[in-house]
Amino acid sequence: MLNIIRTGIACLILLLLPAVQAADSGWLKSPQNTHAAVQLRADTSQQGETRLLLSVELQQGWKTYWRSPGEGGIAPSIHWDHQLSDIQWFWPTPSRFNVAGISTQGYHQKVTLPIVIRGEVPTQLSGVLTLSTCSNVCILTDYPFKLDLTSANDDQFNHDFAQAMGQVPIADGLVKDVQAGYRSGELQIHAQRAEGWQQPALFFDTLADTDLGKPTIVVRGEEMTARVPVSDGWGDAAPDLKGKSLSLVLADGGISQQLTVSIGSPLAIEGNDAMPLWQVVLMALAGGFILNLMPCVLPVLGMKLGSILQVEQRDRRSIRWQFIASSTGIVASFLALALLMTVLRLSNHALGWGIQFQNPLFIGFMVLVTFAFSANLFGLFHLQLSSSLNTRLATHNQHGLSGHFWQGAFATLLATPCSAPFLGTAVAFALVAPLPVLWGLFIALGIGMSLPWLLIAGWPSLALCLPRPGLWMNKVRLALGLLMFISCLWLLSLMIPHVGAVITWGIAAVLLLIMLVAVVRYRGWRTAGLLTAGILLLIGVVLLIGSLTANLWRQPLQDNVRWQPLSEQAITQALADNKRVFIDVTADWCVTCKANKFNVLMRSDVQKLLLADDVVALRGDWSRPSAEISAFLQKRGSVAVPFNQIYGPGMPHGVILSPLLTRQSVLDNMAEAKGNQ
């Protein structure tokens, strides 16, 4: 009898208490989509509302979408079988995915979305969840579900719901000031964070008839600026966003904040104003043209002149086609580089101008090619083709234009270590621009480098002014071979960071010995003597020029600066200590870096400045691949070296210097960076 009474009292208490119940759909799967599983759980313990948790688990390589998918995709949704008046979804901070040039926002692996329904809810809650999941293909899947709100309790629900809500962006606390501006085709975001920035990310809610692409983010201390490409999604002109309200999520360091800002006029972002596209195109043309004057390309121009001199019957038609073929090789090579950069961008790899020279296998291949070319110019070997093939090449395709095509392609390969004036700006713009703009600017670079070649193609009479072939050509071939062999040794020197100085110079000595022995064997002692005399004469001229200009240097060139490793933390610490910062990002394969080093950074007055007590000198070496240096450059909108930047009390946001340094620009900017100290 006592047990019966106790049971009755317990039942009465349960009837009087508010419902504390939970329901679980279990993990739902679809035979049409084996890559995803979903689960819905519900709880009615809160008075006046029903809480749900929608969990999604995805296989590796698959993703689903945020409330605003971006430039493609469909957000998860539920079609309810009941009339529910007040439903609120809460969305955890997403990630950004870039596939085939399309930027989307969503989740991978696993995500849990909290949902709250207010008001009266039936005890049998049912509906259909529609979920879009994508990998290389996209699948739209329906998951019918039914939740029995009178089912057993779930003590874990409160914990899981609180944990899921902890992933939802907060209303404030991350940033203290956010501004948005718009210029044609570009949205600008500027935000400040007192603690500084680590790896900020932006996610945008949809604007009507507008697609917002992947933002390019630059961080300077407490300030973050983002540039977002804007289009209408159909290839027409981007809409005017001024005056519209933008909802976005700003995330950094595991914290995210939901924001709403009004889009105004273009922002005056110091030192990072967008350059009109036509100016960048002109810079690309100029930068490509200047590449012809760089030491890394001159030997190929010499080869081109040598090929003309060797032709007995020179006529305007043949010369025109030869130079058109070389120009085609140059432009085709730049298109190949554009394709490489496109693949790297779509695969989320580091981008950079000349990064192939970080690969020792590529350097070794270029050493072998230039060594073979120099040996050919010295007359040590000739390619012997069959008589039928010689006849075919002589009568087909304008007397065998493929060789001239590959001369242009080879010139482009040798040009990529150079970051000449204008070129760095054009390439940096191209590598963060939309893909059609990237390809257009690389074509402009190729046309710019082809201009001297196209000039002769347009007026072949310029080449006809060259003297007729004769014995004097043997001396010219030796000079051209010597230039190419010097290029070979320079390329070989780039192997030092990979295999060490001893092995590298040992290989150089072997190559030099092989070359001298081959010259003696095939050309005789007299030619070998002339070649040796030429090398000694070149060395003597260099030493003579050095001695005559010694008074200009005041002291031997020597780098006494205490360079420290480059890092964002070092910059922040130096600014906190009220010091100036000089940043130098260089690489052994960068010709312009060498020029900056010897012409500016190693001059006595600049050395004295960089040794001052209030100056911190930071250097990053990009000779070998470095994810840290790549990220450092990309944050500052650069993809090439040399890169030099100055910070200080008077320049808290930093100033980026021209790729081709001058002593005066370094001295003036360092003085300005000191501020009012």
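Below, the figures for the structure above:
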quantity	calculated
Built amide H within the under 5 Å cut-off of SER77, gap 5+	THR130
Ranked packing of 597-609, 502-514, most packed first, by mean Cβ within 10 Å	597-609, 502-514
Long-range HN-HN contacts of ARG603 with modeled amide H, under 5 Å	none
Cross-link table LYS214/LYS635; LYS29/LYS110; LYS608/LYS674; LYS29/LYS63; LYS594/LYS635, entries beyond 21 Å C-alpha to C-alpha	LYS594/LYS635
Highest-first arrangement of 318-329, 184-195, where packing means the average Cβ count within 10 Å	318-329, 184-195
Kirkwood hydrodynamic radius of segment 177-264, Cα pairs, Å	13.3 Å
Amide hydrogen neighbours beyond the local backbone of CYS138, cut-off 5 Å, H modeled	none
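A short reminder: the numbers here are calculations on the coordinates, not readings from a lab. Here the structure is a predicted model, which means the values were calculated and not measured. Quick reminder, even Gly has a Cβ in these numbers, built from the backbone with ideal geometry, and neighbours come from all protein chains shown.
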